[in-house]
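Structure first, then comments.
The numbers here are math on the coordinates, done by the rules we state, and not lab data. It should be emphasised that the depicted structure is a prediction, and the values quoted were computed from it without experimental measurement. Glycine gets a Cβ as well: all are built from the backbone with ideal geometry, and neighbour counts include every protein chain shown.
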Amino acid sequence: MSAPSPSTRPKRPEFRNINAFTDLPTYRLPAAGIVSILHRVSGAVMFLLMPFIIWMFDTSISSELSFARFTSVFNIGVGFVPGWFVKLVALSIIWAFLHHFIAGLRHLWMDMRHAVSKEFGKSSAVVTLTLSIGLTVVLGAKLFGLY
């Protein structure tokens, strides 16, 4: 048996290294990839802001006086840090928790149901992004006193 001639062979895919300056700005990451990266980012945000989370929890439940100090930090600020910036940091923690939780549920669902198709990955990623951003906007509006 002879090998097929070079003109009849199917063209093989070409794999090359990615240039960060030329390829990454034009590369379109699928929704599932975005959710996966944001899952890691949200975990890192929660880990890095753990001292602030512990301070908020401790200060809010210690006593009435510490709770008043806690609310004044959010309204007025502390030191050179204005109150709106403290609220913005708290909002980032809210987003990180919501996204990490919802994306974690998505991963658990996919593991338990063996739902690893491309279509389900895309649709569940869109739902994860929509829910985490939507809930963050609602809670952020409450945090900043819009309702």
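Taking region 90-131 as the range and being under 28 Å from TRP55 (Cβ atoms) and in contact (Cβ under 8 Å) with a residue 60 or more places away in the chain as the test, the residues that pass are HIS99, HIS100, ALA103, GLY104.
For the condition among the aliphatic types (A, V, I, L, M), exposed (fewer than 13 other Cβ atoms within 10 Å of the Cβ) and more than 20 Å from VAL138 (Cα to Cα), VAL73 does not qualify. The criterion of being more than 20 Å from LYS142 (Cβ to Cβ), surrounded by 10 or more Cβ atoms within 10 Å (Cβ to Cβ) and among the hydrophobic types (A, V, I, L, M, F, W, C) does not hold for ALA96.
Quick grid of which residues meet (1) over 21 Å from the mean Cα position of the chain (by Cα); (2) of a type in the set (Ser, Thr, Tyr):
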{"site": "PHE80", "(1), (2)": "yes, no"}
{"site": "MET110", "(1), (2)": "no, no"}
{"site": "SER123", "(1), (2)": "no, yes"}
{"site": "GLY140", "(1), (2)": "no, no"}
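With respect to the conditions (1) surrounded by 13 or more Cβ atoms within 10 Å (Cβ to Cβ); (2) under 30 Å from ALA32 (Cα atoms), SER117 falls short on a single one, namely (1). For TYR147, the conditions (1) part of a helix (DSSP H, G or I); (2) over 28 Å from VAL35 (Cβ atoms) all hold with the exception of (1).
As for region 127-143, it holds at least one residue that is farther than 30 Å from LEU29 by Cβ and either assigned to a helix (DSSP H, G or I) or touching a Lys or Arg at 6+ places or on another chain (Cβ under 9 Å) (or both).
The rows are residues; the columns are (1) of a type in the set (Gly, Ala, Ser); (2) touching a residue at least 24 places away in the same chain (Cβ under 8 Å); (3) out of contact with any helix residue (DSSP H, G or I) (no Cβ under 9 Å at 6 or more places or on another chain).
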{"residue": "LEU29", "(1), (2), (3)": "no, no, no"}
{"residue": "ALA32", "(1), (2), (3)": "yes, yes, no"}
{"residue": "MET50", "(1), (2), (3)": "no, no, yes"}
{"residue": "SER63", "(1), (2), (3)": "yes, no, yes"}
